[in-house]
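The values are calculated or read from the model by the stated rules, or taken from the named source; none is laboratory data. What you see is a predicted model; the values in this text were computed from it and never measured. Positions of Cβ are backbone-derived with ideal geometry, glycine not excepted, and every protein chain shown enters the neighbour counts. All accessible areas refer to the heavy atoms of the entire protein, side chains included, with ligands and DNA or RNA removed. Shrake-Rupley method; radii C 1.70, N 1.55, O 1.52, S 1.80 Å.
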Amino acid sequence: MNRFPAFMSIALDEARAAGERGEVPVGAVIVDPGGRVVARAGNRTRELSDPTAHAELLALRAACAAAGSERLPGHALYVTLEPCAMCAAAIGFARIARLYYGASDPKSGGVAHGARVFSHPQCHHAPEVYDGIAEDAAAALLQTFFQARRG
């Protein structure tokens, strides 16, 4: 059974919930090597008054706590938006095996844009990266969110 679309669907659910809380709608899910969801989160920067409370970091923290380790070898991270440089660095530090993301982020991305964290020689670990997963749905959530705030 291919559960791949289901994992991004969960990340999209987390993104929608974040948007409903007034947060930028980004969601993340971490899956262990056995295919089990071990953590899921949406952005909570405003709610927690914490600029580091991005969906990816919250999910990484929860998954590491559950594993009792600062590293998550063999795990996959699904996130609706290209991670920023801060999140990309944390993904590398956690030794995530595979990163799947939806919408590209030319303004603040740190994987395919901007800092391109995983391409630097100082990067100790780079996951396999798969982009454009449910890209249209992820981009639509962000566009709707920001249009509502500008309108």
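Numbers at a glance
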read-out: Percent carbon-and-sulfur accessible area, the chain, ignoring ligands, DNA and RNA, probe 1.4 Å; value: 53 percent
read-out: Residue-by-residue Karplus 3J(HN,Hα) for the stretch 77-89, coefficients 6.51, -1.76, 1.60, Hz, glycine and proline x; value: 10, 10, 9, 6, 10, 3, x, 6, 4, 4, 5, 4, 4
read-out: DSSP bridge pairs, the stretch 30-151: antiparallel proportion in percent, nearest 5; value: 35 percent
read-out: Hz values of 3J(HN,Hα) by residue in the stretch 5-11 - Karplus curve (6.51, -1.76, 1.60), Gly and Pro given as x; value: x, 5, 5, 5, 4, 5, 4
read-out: Hull volume in cubic angstrom per residue (convex hull over the Cα atoms of the stretch 32-111); value: 87 Å³
read-out: Mean-position separation - Cα centroids, the stretch 1-59 and the stretch 96-151, in angstrom; value: 13 Å
read-out: Rounded D (µm²/s) - the stretch 11-151, Kirkwood Rh over Cα pairs, Stokes-Einstein at 10 °C, 1.306 mPa s; value: 108 µm²/s
read-out: Relative contact order of the stretch 49-119, defined on C-alpha pairs under 8 angstrom at six or more residues apart (%); value: 30 percent
read-out: In sequence order, calculated HN-Hα J values of the stretch 133-145 (Karplus, 6.51, -1.76, 1.60; Hz; x Gly/Pro); value: 7, 6, 4, 4, 5, 5, 5, 4, 4, 5, 4, 4, 4
read-out: Heavy atoms of Ser119 accessible to a 1.4 Å probe, total area in Å² rounded to 10; value: 90 Å²
read-out: The chain - percent relative contact order, Cα under 8 Å, separation 6 or more; value: 19 percent
read-out: Per-peptide average of other Cβ atoms within 10 Å, ordering 27-36, 106-115 highest first; value: 27-36, 106-115
read-out: Cα-centre dipole for the stretch 1-125 with unit charges at Cβ (Lys and Arg positive, Asp and Glu negative), debye to 20; value: 220 debye
